[in-house]
Every structure is written in C-alpha cells, then in structure tokens.
1. Just to verify a result, which residue in region 118-145, among those that are loosely packed, with under 14 Cβ neighbours inside 10 Å and closer than 30 Å to D80 by Cβ, is modelled with the highest pLDDT?
2. Might you check whether a residue that is more than 20 Å from T141 (Cβ to Cβ), at pLDDT below 95 and crowded, with 17+ Cβ neighbours inside 10 Å occurs anywhere in region 96-113?
3. Anything in region 1-22 that is farther than 17 Å from D101 by Cβ, free of Cβ contacts under 8 Å to residues at least 60 places away in the same chain and within 13 Å of the chain's Cα centre (by Cα)? List them, or say none.
4. Does A67 satisfy being crowded, with 16+ Cβ neighbours inside 10 Å, touching a residue at least 60 places away in the same chain (Cβ under 8 Å) and either among the β-branched types (V, I, T) or closer than 22 Å to Q134 by Cβ (or both)?
5. Would you call L86 closer than 12 Å to A131 by Cβ, in contact with an Asp or Glu (Cβ under 8 Å, 6 or more places away or on another chain) and not acidic (D, E)?
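The values are calculated or read from the model by the stated rules, or taken from the named source; none is laboratory data. Note that this is a predicted model, so its numbers are computed, not measured. As a convention, Cβ positions derive from the backbone with ideal geometry for all residues, glycine included, and neighbour counts pool all protein chains shown.
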Amino acid sequence: MMNASVEIQNRITENFKRQAMMGSIGANLVSIEQGRVVIAAPVNDGFKQQQGVAHAGLIFALGDSAAGYAALSVMPEDADVMSVELKINLLSPGTGRLIADGRVIKAGRRLVVVSADIWSEDDAGQRKHVAIMQGTMIPVTAKSG
C-alpha cells in the first residue's frame with residue numbers, strides 16, 4: 001500500500017468525526033493509507049454479550065467501518081461510500097481492544113470489493129484473530145456537512 005495524501009487523510013478524518021456510531025463505541029483511527037484503513041476500539045462493558053466478550057455487532061461495526069474507509073480512500077473527492085453487502089466469519093471471542101484492518105481488494109467504477117481482519121489485543125499487546133470480513137461497497141454522492 002502507499003501512503004495516503006494529506007487530502008485523503010484529512011477527508012477520512014473529518015468523515016470519521018461525523019460518524020456517531022464510531023464515537024459511541026470509543027473508536028479511533030489508527031492509520032490511513034491509500035486502500036487501507038485501521039480502526040481500534042476498546043471492548044467496553046456496554047458492548048459485551050452475556051458471556052463477557054465483545055458482541056458480534058461491535059466486531060461487525062468496526063470491520064464495516066474500516067473496510068468502508070479503505071474504500072473511501074480510493075474514491076474521487078465528490079464521492080462517499082455505503083455498504084452493499086458484507087460477510088463475516090467470527091473466529092474467536094474478542095476482549096481487551098479490537099483492531100480492524102480494512103483493505104480494498106478491487107476498486108471499480110460501480111463497486112468496490114473490500115475485506116477486513118479484526119484482531120483482539122490484550123494489555124500485553126498479544127493479538128488474536130477475531131474475525132474476517134469480505135464485502136462490497138458502492139460509491140454514492142457525498143453529502144456536505
């Protein structure tokens with residue numbers, strides 16, 4: 001992957017700030033490259049399921065956003081993206097902090113094929129593969145504001 005331009009980094013950062021879902025889970029942008037975006041979030045008590053691990057909805061939301069922002073990083077300035085379909089395989093329970101690594105597989109004019117790996121990281125920095133996603137994003141007209 002190549003480093004994203006300052007314009008792309010600023011565009012994704014500003015877009016991310018407007019995403020209430022990511023704000024509500026305490027997510028933050030870790031890195032932005034052209035075709036790749038990494039997002040991390042803690043597994044807070046309010047987002048755990050009954051067995052005390054990350055709810056699949058939290059894992060899915062992080063993967064969706066990381067893949068979506070990766071797609072946005074290869075779009076023209078006047079475009080945004082929306083998810084068309086996403087498939088997830090949950091591999092193991094997530095605890096500690098989740099890290100979603102979204103990538104563009106193939107960018108077309110009408111559809112962008114994306115993937116994301118989601119990792120769980122403990123306090124010692126040990127990582128465990130929690131989920132893998134693959135899906136499709138569609139370019140849409142960007143809305144200002």
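1. In this case the residue turns out to be H129.
2. Yes, region 96-113 has at least one match.
3. T13, Q19, M21
4. On the way: crowded, with 16+ Cβ neighbours inside 10 Å: yes; touching a residue at least 60 places away in the same chain (Cβ under 8 Å): yes; either among the β-branched types (V, I, T) or closer than 22 Å to Q134 by Cβ (or both): yes.
Taking the combined requirement at face value, the residue satisfies it.
5. Numbers: closer than 12 Å to A131 by Cβ: yes; in contact with an Asp or Glu (Cβ under 8 Å, 6 or more places away or on another chain): yes; not acidic (D, E): yes.
In short, yes.
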